1. Using Cα pairs closer than 8 Å and at least 6 residues apart in sequence, work out the relative contact order for the chain, in percent.
2. Round to a whole angstrom and tell me the spacing of the C-alpha centers of region 70-109 and region 127-205.
3. What spacing in nm lies between the two simple spin-label points modelled at residue 54 and residue 177, each 7 Å away from Cα in the Cβ direction?
4. Among residues other than residue 46 whose Cβ falls under 12 Å from its Cβ, what is the net charge (Lys/Arg +1, Asp/Glu -1)?
5. Which of the trypsin sites (Lys or Arg not before Pro) found in region 148-178 are loop residues per DSSP with 11 or fewer other Cβ atoms within 10 Å of their Cβ?
6. Determine the gain in length on full extension of the stretch residue 137-residue 159; use 0.36 nm per residue of separation and subtract their C-alpha separation, reporting nm with one decimal.
7. Need one number: the % of Cα-Cα pairs in region 3-266 sitting beyond the 28 Å mark.
8. Please tell me the relative contact order of region 194-241 in percent, rounded to the nearest whole number, where contacts are Cα pairs under 8 Å and at least six residues apart.
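Laboratory data are not the source of any read-out in this text; all were calculated from the coordinates shown. On a predicted model such as this, the values are computed, not experimentally measured, just so you know. Note: ideal-geometry Cβ built from the backbone for every residue, glycine included; neighbour counts use all protein chains shown.
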Amino acid sequence: MSNSAQEAADIIRARSDLGPIENAVILGRTFFGLADLAERVVAIPYAELPGFPQAPGVEDGELLVCTIDGAPTMVLKGRSTFYETGDPSLMSTPIETLSLLGVRSLLSTALALSVQADLVPSSVVAITDHINFTGLNPLIGAAADGKAMINMNEAYDKRLLRRVKTSAATAGVAVHEGVFMWFSGPSFETPAETKVARQLGADLFGWTLVPEAILARRFGIPFAGVAVVTDFGAGFSNGNPTSDLTRGPAVAGVVATKRLLRAFVKGR
């Protein structure tokens with residue numbers, strides 16, 4: 001247990017009266033609108049929580065202790081990403097803090113490019129496994145006491161996967177399943193890299209989510225990942241990736257994810 005995580009957990013307990021909270025959600029910037037679901041909000045800036053990232057991309061990050069349709073929930077509004085910082089481990093303290101607070105389900109959101117014809121832009125995909133194509137790992141340099149040598153079987157919790165699918169059906173959201181490949185970014189992948197991803201068994205790929213899955217596994221939190229497809233990968237089905245996320249497909253996928261999240265936090 002790190003001192004920073006313990007201190008952060010103590011601050012959160014002192015400022016919130018919601019009691020035990022089992023559900024937590026990580027929102028990247030594109031998904032910030034999902035936080036509009038929150039009620040009875042206690043907002044704690046990352047800058048006030050020891051060990052929470054204050055790196056590029058999360059300068060305004062904050063932890064929300066709240067309810068969503070009456071379900072106590074913690075929302076990590078903002079994530080540190082490798083492509084912005086060069087460090088894949090900056091979400092370690094936040095996720096360890098969640099474990100100290102008793103969180104038993106962590107849902108992380110992501111954007112992705114597809115290499116499967118049926119995963120069209122705007123598709124919502126529940127992640128079943130991942131391929132780490134970066135050669136990086138958030139546990140590199142962690143204490144060499146065995147706690148970094150973790151088993152990654154079922155890193156994407158099967159019970160939570162069923163819950164995601166049930167929640168999607170309840171919310172009227174079509175949800176697919178797929179294997180996610182992690183690339184470093186921030187340049188989009190070449191047509192050759194897209195082809196390799198497909199050949200190696202990926203269904204979609206992106207620049208986030210995987211470090212969080214590894215860290216959740218280390219700290220014993222059941223983990224689920226949900227990705228929104230914004231485009232096909234370059235060289236596949238006329239894919240032409242762009243950073244413009246104001247287009248219809250990305251927006252439609254995020255709106256659907258908001259409905260899914262609302263049902264998910266109320267599920268068991």
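1. It rounds to 24 percent for the chain.
2. 16 Å
3. 4.3 nm
4. So the environment of residue 46 carries a net charge of -2.
5. Answer in residue order: no site qualifies.
6. Fully extending the segment from residue 137 to residue 159 adds 5.4 nm.
7. When all Cα pairs of region 3-266 are counted, 29 percent exceed 28 Å.
8. 32 percent
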